[in-house]
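Step one of this worksheet: look at the structure below.
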Amino acid sequence: QVQLVESGGGLVQVGGSLRLSCTASRSMDTISSMAWYRQAPGKQRELVARITGSSSTMYQDSVKGRFTISRDNAKNTVFLQMNGLNIEDTAVYYCNARIASTDFWGQGTQVTVSS
């Protein structure tokens, strides 16, 4: 089991930046991978970025070059730096931790990009 607490969402204008944080209740050495997903109104939840225990990363095509996922093992925290935000990035962003084959989720944080 792991609890995930997200922070950093908010309202930003097009072209702006936000940094999301997700702190886990257990050592990240025991977590296979961590990720950020998002869900926009009326759409399915989608993977945004994932980082493994060895710090390998992968990104959804639409965020490549704009978003960066990183981790601080000493703080049990994963970050999502989001630059060049656009309207289509508006969504609730969820932190995900995968332990073995089980997924755990945070409560979500709202990101709203306005024009």
**Prompt:** Order of 103-110, 79-86 by packing, highest average Cβ count within 10 Å first?
**Reply:** 79-86, 103-110
**Message:** Based on DSSP loop calls and a cut-off of at most 12 other Cβ atoms within 10 Å, the longest stretch of the chain free of exposed trypsin sites (Lys or Arg not before Pro) is what?
**Reply:** 65-115
**Request:** Report the accessible area of Ser7, computed with a 1.4 Å probe over the heavy atoms of all protein chains in place, in Å² rounded to the nearest 10.
**Result:** 60
**Prompt:** Short version: ³J(HN,Hα) in whole Hz for each residue of segment 33-39, in order, from phi by Karplus 6.51 cos²θ - 1.76 cosθ + 1.60 (θ = phi - 60°), x for Gly and Pro, what are they?
**Reply:** 7, 10, 8, 10, 10, 9, 9
**Distant-in-sequence amide H partners of Arg26 (H built 1.01 Å from N, under 5 Å)** = Gln3
**Prompt:** At each listed q (0.18, 0.20, 0.29 Å⁻¹), what is the log10 of I(q)/I(0) that the Debye formula gives for segment 32-92 modelled as equal alpha-carbon point scatterers?
**Reply:** -0.64, -0.77, -1.31
**Message:** Taking θ = phi - 60°, what integer Hz values does the Karplus form 6.51 cos²θ - 1.76 cosθ + 1.60 yield along segment 68-78, in sequence order, with x for Gly and Pro?
**Reply:** 9, 9, 8, 9, 10, 5, 5, 9, 6, 10, 10
**Complete:** The relative contact order of the chain, taking Cα pairs under 8 Å that sit 6 or more residues apart, comes to a percentage of 37
**Request:** Considering only DSSP beta bridges where both residues belong to the chain, give the percentage that are antiparallel (nearest 5).
**Result:** 90
**Asked** So who's got an amide H within less than 5 Å of the one on Ser33, skipping anything under 5 residues away but keeping other chains? H placed 1.01 Å off N, in plane.
**Response** Arg98
**Complete:** Phi angles of segment 42-51, converted by Karplus (6.51 cos²θ - 1.76 cosθ + 1.60, θ = phi - 60°) into ³J(HN,Hα) in whole Hz with x for Gly and Pro, give x, 10, 7, 5, 10, 6, 9, 7, 9, 9
**Message:** Starting from 0.36 nm per residue, how many nanometres of slack lie between Ser101 and Arg19 once their C-alpha separation is accounted for?
**Reply:** 26.8 nm
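The values are calculated or read from the model by the stated rules, or taken from the named source; none is laboratory data. Please read these numbers as outputs of a predicted model, since none were measured by experiment. Heads up, the Cβs are rebuilt from the backbone with ideal geometry, glycines too, and the neighbour counts pull from every protein chain shown. These area figures cover heavy atoms from the full protein model, side chains too; ligands, DNA and RNA do not enter into them. Shrake-Rupley method; radii C 1.70, N 1.55, O 1.52, S 1.80 Å.
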